[in-house]
Amino acid sequence: MDPLSILAGTTGLLDVSFRVISYLKDLEESAGKVEDEIAALSQEISALITVNDAIEALWLANHDTAPGSPFQDTTDVEDLWKRLAGLLRDCRDTAQKLEALLKEVMGKKGPKVSGKWDGIRKQLRKDSKEKEWTDVRHRLSSYQAGLQMLLSALSVVYTRNSSSSTQHVAGSLDRIQRQSSTLQYQMEFLRHKLNALNSSDSDKLRNSINSAQAVASLLSLNQCFDIPQTVSSIFTGRDLLLKELKHMLDVATPQHQSHSQKRFVIYGLGGSGKTQFCCKFAQDNREYFWGVFWIDGSSYENARHTFSKIATMGGADPNENAAKSWLSSQQQPWLLLIDNADDPDIDVTRYFPGGERGVILMTTRNPSNKVHGTVGSRFWHFEKLETDEASDLLLKAADLPGPWELQTRTSAARIADALGYLPLALIHAGKAIMDGLCSLANYLDFYGRTWKRIRRARSMSGYVGDENANMNVYSTWEIVYLGLEAKKTETSKDGVELLKTFSFFYWEDIGVDILIAAAKNGRREQETTKPNEDKTKTPSPQQVSKKPWSLYFREIIIDWVENLQKVRPILPDVLRDDDQTSFDEDRLRTALTFLVQMGMLTYHSDSDTYWMHPLVHTWVRERPQTSTGEQAIWCQAAATTLTSCIFFKPPLEYATSDERLKISIFPHIENLRRAQNTIRERIQENQKTRRRSWLSSWIAPPVISSGMQPLEWVKYSLVYMQAGKWDEAEKLQLPVKELACQRLGLDHPRSIDIIQLLSVTYGLQARNNKAAILLRQALDACQRLYGHDHPRTLKMTDILGATCLLQSRLSESRTLHEHAVKGMTEVLGAEHEDTLIAVDNLGKVMSRYFFWDKARDLHLRAFHGMRKTLGSTHLHTLQAMEHVALSHMYLGDLDLAQEFAQEVLEKREKKVGKEHPYTLMAKLTVARVKSAQNETEEAERIIRTNLPVGERNLGDNHLGILLARVFLSEVLFRQQKYSEAEQILLSVVQRHRYEGSRREDGEHVDRIQALWFLLKCYQAQNKIEDAIKIGDELYESVHTIGGEGFGRGHVFAKLLDQKREELQALKSGSDPAPVPYDPISPNSQSAETIRSSSPVPVTKSLTF
């Protein structure tokens, strides 16, 4: 817009205002009766002048006043200026009218009163213009309020835009919060003034309010908003409590002025509306909080799951500690809802982020938790709604149109009394009335029959469940449930089956993608694995002559029993997709929508997920009418659903979605396994007085392939492996491995599968000796079953070679990998995924021999092939890319090494999270390159920041952690912090730390590397005797590494001999011979040079 319109407006208004002020001053000196009125009007005009000056100053501070200067702000801000310019013109015109009125009142003699009669005439003229006088003054006051409001809106915008987002959060947040509060008040004040204006003036000011509101909504403080439940559209009651809580928490006060964390506890019966109240408070006050978050406090496991979501919002790794640390570090105000913290055995203080910041609301049925409140009355006890509030909620839930007659309200009050005035019970009762299951008049009869049926079922089943108070809620839900069953339509039947299945899931985040994958993946998996199974079951003529008849007989018996026991898996009918029933996604979504309409589920459209209220979730699972056997059936349906939604070996086109599903079903598997344990204990208790006959045991023997449980355990273990729960994965895999080998024999494809998977788990746990034993058994079985050149055998050969490398058995690892690469290239082709992985593994062996050129070429070949075959973000591709980065570092191409290493880090952070072991390894690689570039301070910072995370997730003795400590000591060595580096290395070289990967007949190469750095440390500190002792130990270790030795021709063996000679010369006082290039240490300088010089860039390898 034209900047002159603003300046002209302010100048014109200023000129008129000064003239009016002059008249008023003269009049005030002369008049008597109107003195107070004139004084008030003078103040209003003075305030108008102040606003005018502020507008002009704001414009000049933010715009070029040259004509034609382009406007650079947003459309909303430009609209504010246009509105403001219009109000300035109207305000000037009104001020001119006021000036004309004053002149008319004063008369020809001016403001001076020449005598008594002149004063009377002036007063009479003023009285005759009273209506005009009042109208002009009110318009002027309203315009001034409008100008002040628009000025505040613009000030908020420019305050925020004056700094970057980071600076805004750190420095301008409190100011913007105060300005926003002022703006909200001014808009509300102006709305009240509009009624006294004519339509034309009120429309202009209303448009100005809308413009200010548009900008204010864009400047909301709140950036993150996540609550456990959507606030009901019929939320009723407790309005005074909402206002009182806002006052007690003093949410408008900036949090940096608070000296302690604000916590408030709400406890009471289940269904009393605690969670809805907290969600309503969060929704009403979201503008005061930068972030609103929640956690499920019902168990430590559920809390960890919801904390991980908070951490993800903050860009941290998804775990509890990272989430709490992130919240504690926030400068901006946040609100945390801790929901359902009911278990008395749980220490809820574990859920509190540290420090004095933040506001926490806790809901609980456990009254002992009220001690954790810190502000105001500290806690409230929710029991029931007031009678009128309860009646209103019931009638709203029943969707009965108002106004309600006395008889209607009386009936509602009787129902509310019977239901104990509990909000959740009232909502379910209203739902039953709305759906026509009963009427308002006969609901109590319906409720009474349902209540008697529940009590009878409880007495027969011995069900205890929750406390009796919750039965009011359960009985109202039972009415709706019976209504579902009574409909007897396909949709209602599907809905009931889905509800029963969901009751064994975790109650939140039940994704539609989980259900669709569960329905479709069975057929997909069959189509993928059938050709491979046919190939493995069809032996070559050479294999036929080698396979013993006992193995053939075993396979025939197993196949016969499998076919005999084949049954349809237990699943809700709506999720079936087989020869008898085809899956229909529309049918599934219709059933889910129906459950939402019946109030049984809540849908979140942004994530395409559903959740059940925790009480409903419990009741569906624990209904007294439900036998333990029926519970077992639907628990198995839930298990089948979760098992079916992921692959054992995902096809390439489903790899990404399978990875995502493994993350999303983790909390469901946790909840399901707890339910399985409970049901198992009940069944065992029921069977204590029963005996199973030998005939039934013979007819239905446990066969691994016929039952779902071993498959469940294996697939669950894949989920735990991806979540980093390797110990839990091992617990699931080990019994399956024992059962497979016992029932199927070692020479069976399924046995080989589970042995291979368990060995991978052992490798992730750095228990490489155990992994190697299993892999040798599996390789022997593959050779017997498939032959030496079968792809499966070659793959096992490659995996064993990688494990041998981790055991420091270099020669054997090289032989195995070279054989695997050669065989796979011939059988599968050079571009096959398994071939490329073997090539990459062979490159790692070459780097252990310090053959850097060969290692680089192999890694580059693997990387380019994987990028083409698997994609640029596949984990295997990123692993090969990381090896390429290290190869470039070894060869001195540091810029290229940095580029590759940084890209790997960024992609891993995005794909698997900031604290995943692969990401931590990528950070270590970046730090190593930084150290090689002589950026030792940055390298130290990276390692020290991430080392505690790795120690927490992997343990102190994991090989990756030991390696990180070695490289930290190397960085400290290059900074000439020899004493600190020495202390770290003395801890790392302790032999017991390598027991899981070191053979009894040989040393581990990682320990040798640590000893070498320790030797250099001693030498740099002139501790020659200590250095000689380490050299002697290294001499013995080098010849026993991995049980086979480096060999006298290895570069390191020659380097060690020269180093020992140098140390002996230093001990005797003679000049040592110069030591050639050191491929392990950061430089090859002498000890004296090391002590007197600064670190230099590293251009060669720092490690084996």
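Looking across the range 321-367 at every residue that is small (Gly, Ala, Ser), in contact with a helix residue (DSSP H, G or I) (Cβ under 7 Å, 6 or more places away or on another chain) and not in a loop (DSSP other than H, G, I, E, B), the one that is surrounded by the fewest Cβ atoms within 10 Å (Cβ to Cβ) is identified as Ala322. Could you tell me whether any residue of the range 960-974 is modelled with pLDDT under 90, among the hydrophobic types (A, V, I, L, M, F, W, C), more than 27 Å from the chain's Cα centre (by Cα) and surrounded by fewer than 20 Cβ atoms within 10 Å (Cβ to Cβ)? Yes; the residues of the range 960-974 include at least one that is modelled with pLDDT under 90, among the hydrophobic types (A, V, I, L, M, F, W, C), more than 27 Å from the chain's Cα centre (by Cα) and surrounded by fewer than 20 Cβ atoms within 10 Å (Cβ to Cβ). Quick check on Leu764: is it modelled with pLDDT under 85 and either charged (D, E, K, R) or surrounded by 15 or more Cβ atoms within 10 Å (Cβ to Cβ) (or both)? For Leu764, the condition - modelled with pLDDT under 85 and either charged (D, E, K, R) or surrounded by 15 or more Cβ atoms within 10 Å (Cβ to Cβ) (or both) - is met. If I filter the range 997-1007 for residues that are in contact with a helix residue (DSSP H, G or I) (Cβ under 9 Å, 6 or more places away or on another chain), within 30 Å of Gln765 (Cα to Cα) and modelled with pLDDT of 90 or more, do I get at least one hit? The answer is no; no qualifying residue exists.
Among the residues of the range 993-1010, is there at least one that is over 26 Å from Gly801 (Cβ atoms) and in the same structural domain as Val1051 (by TED's automatic domain parsing)? No, the conditions are met nowhere in the range 993-1010.
Without any contact (Cβ under 8 Å) to a residue 40 or more places away in the chain, assigned to a helix (DSSP H, G or I) and either out of contact with any helix residue (DSSP H, G or I) (no Cβ under 8 Å at 6 or more places or on another chain) or more than 27 Å from Leu810 (Cα to Cα) (or both), is that true of Glu1025? Taking the combined requirement at face value, the residue does not satisfy it. For the range 842-850, the count of residues that are over 23 Å from Thr825 (Cβ atoms) and not assigned by TED's automatic domain parsing to the domain that holds Phe1052 is nonzero. Can you tell which of Ala398, Ala311 is outside the structural domain of Gly273 (by TED's automatic domain parsing), of a type in the set (Gly, Ala, Ser) and buried (at least 18 other Cβ atoms within 10 Å of the Cβ)? Within the list Ala398, Ala311, the selection yields Ala398. Only a single criterion out of (1) farther than 23 Å from Ile837 by Cα; (2) of a type outside the set (Asp, Glu); (3) in contact with a Lys or Arg (Cβ under 8 Å, 6 or more places away or on another chain) is not satisfied by Val929, namely (3). The number of residues in the range 938-952 being over 11 Å from Phe967 (Cα atoms), touching a residue at least 24 places away in the same chain (Cβ under 8 Å) and surrounded by fewer than 19 Cβ atoms within 10 Å (Cβ to Cβ) comes to 1. Of the numbered criteria (1) more than 30 Å from Ala655 (Cα to Cα); (2) part of a helix (DSSP H, G or I); (3) modelled with pLDDT under 90, the one Glu909 fails is (1). Which one of Ser328, Ser308, Ser298 is touching a residue at least 24 places away in the same chain (Cβ under 8 Å) and closer than 30 Å to Leu920 by Cα? Result of the check over Ser328, Ser308, Ser298: Ser328.
On the stretch given as the range 641-669, residues that are buried (at least 21 other Cβ atoms within 10 Å of the Cβ), among the polar types (S, T, N, Q) and either at pLDDT below 85 or in contact with a Ser or Thr (Cβ under 9 Å, 6 or more places away or on another chain) (or both) total 1. Within the range 579-622, take every residue that is modelled with pLDDT under 80 and of a type in the set (D, E, K, R) and give me the one that is farthest from Ile516 (Cα to Cα). Filtering the range 579-622 for residues that are modelled with pLDDT under 80 and of a type in the set (D, E, K, R), the one farthest from Ile516 (Cα to Cα) comes out as Glu622.
The criterion of being in a helix (DSSP H, G or I) and at pLDDT 75 or above holds for Leu190.
Here is a yes/no grid of residues against (1) farther than 27 Å from Tyr994 by Cβ; (2) of a type in the set (Val, Ile, Thr):
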| position | (1), (2) |
| --- | --- |
| Ile799 | no, yes |
| Ser808 | no, no |
| Asp840 | no, no |
| Phe863 | yes, no |
| Leu870 | yes, no |
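Can you find a residue in the range 620-627 that is crowded, with 16+ Cβ neighbours inside 10 Å and either hydroxyl-bearing (Ser, Thr, Tyr) or touching a Gly at 6+ places or on another chain (Cβ under 6 Å) (or both)? Yes, the conditions are met somewhere in the range 620-627.
Restricting the range 468-492 to residues that are at pLDDT 75 or above and under 35 Å from the mean Cα position of the chain (by Cα) leaves a set whose member that is farthest from Tyr443 (Cα to Cα) is Thr491. Take the conditions farther than 20 Å from Ala486 by Cα, part of a helix (DSSP H, G or I) and touching a helix residue (DSSP H, G or I) at 6+ places or on another chain (Cβ under 8 Å) and apply them to Arg621. Does it pass? Considered against the rule, which asks whether it is farther than 20 Å from Ala486 by Cα, part of a helix (DSSP H, G or I) and touching a helix residue (DSSP H, G or I) at 6+ places or on another chain (Cβ under 8 Å), Arg621 comes out as no.
Annotation: of all residues in the range 196-225 being outside any helix (DSSP H, G or I) and either within 41 Å of the chain's Cα centre (by Cα) or of a type in the set (Phe, Trp, Tyr) (or both), the one that is modelled with the lowest pLDDT is Leu219. Every condition in (1) out of contact with any Phe, Trp or Tyr (no Cβ under 8 Å at 6 or more places or on another chain); (2) touching a residue at least 60 places away in the same chain (Cβ under 8 Å); (3) surrounded by 24 or more Cβ atoms within 10 Å (Cβ to Cβ) is met by Ser811 except one, and the failing one is (3).
The values are calculated or read from the model by the stated rules, or taken from the named source; none is laboratory data. Everything numeric in this text was worked out from a predicted model, so none of it was measured. Note that each Cβ is placed from the backbone with ideal geometry, even for glycine, and that neighbours are counted across all protein chains shown.
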